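Written out below as structure tokens is the structure these notes cover.
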Amino acid sequence: MWALLLPAALYSAFSDLGQAWAVLPASSVLAFILFGVDELAMQLEEPFSILPMQAFCDQIKDAAETLAVLTDEELDACYKIKPNTYYRYVKK
């Protein structure tokens, strides 16, 4: 809304200088700068919006759910460790 009304606000200042034709270019440049600052502020507020964080979280959730339903035998087969041998490594 502000960018739409900017030419009306600048018209009187530019017409006093005798350069009413410069209202539209000046309005365009000012709007471009202000929209750029607004976009920069949004990126600073939420810097990770460009990363696919939802996809990362979904993959972690799926992996955790898969591990939660596996039995000890299936887990041992996945890691190729004989049953009860990993406790020796933990106790040291």
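Data overview
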| item | result |
| --- | --- |
| Long-range neighbours under 9 Å by Cβ, at least six apart or interchain, first residue open to solvent by 30 Å² or more (accessible area, probe 1.4 Å) within the stretch 20-33, second small (Gly, Ala, Ser) | Leu30/Ala3 |
| Phe14, sole failed condition from (1) touching a helix residue (DSSP H, G or I) at 6+ places or on another chain (Cβ under 8 Å); (2) open to solvent by 80 Å² or more (accessible area, probe 1.4 Å) | (2) |
| Given (1) open to solvent by 80 Å² or more (accessible area, probe 1.4 Å); (2) modelled with pLDDT under 85, number of the condition Leu70 does not satisfy | (1) |
| Unique match (being assigned to a helix (DSSP H, G or I), modelled with pLDDT of 85 or more, on the phi < 0 side of the Ramachandran plot and touching a helix residue (DSSP H, G or I) at 6+ places or on another chain (Cβ under 6 Å)) among Ala31, Ala41 | Ala31 |
| From the options Ala77, Ala9, residue that is at pLDDT 80 or above and either open to solvent by less than 80 Å² (accessible area, probe 1.4 Å) or acidic (Asp, Glu) (or both) | Ala9 |
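The values are calculated or read from the model by the stated rules, or taken from the named source; none is laboratory data. These numbers come from a predicted model, not from an experiment. A quick note on method: Cβ atoms are made from the backbone with ideal geometry, for glycine too, and the neighbour counts reach across all protein chains shown. These area figures cover heavy atoms from the full protein model, side chains too; ligands, DNA and RNA do not enter into them. Shrake-Rupley method; radii C 1.70, N 1.55, O 1.52, S 1.80 Å.
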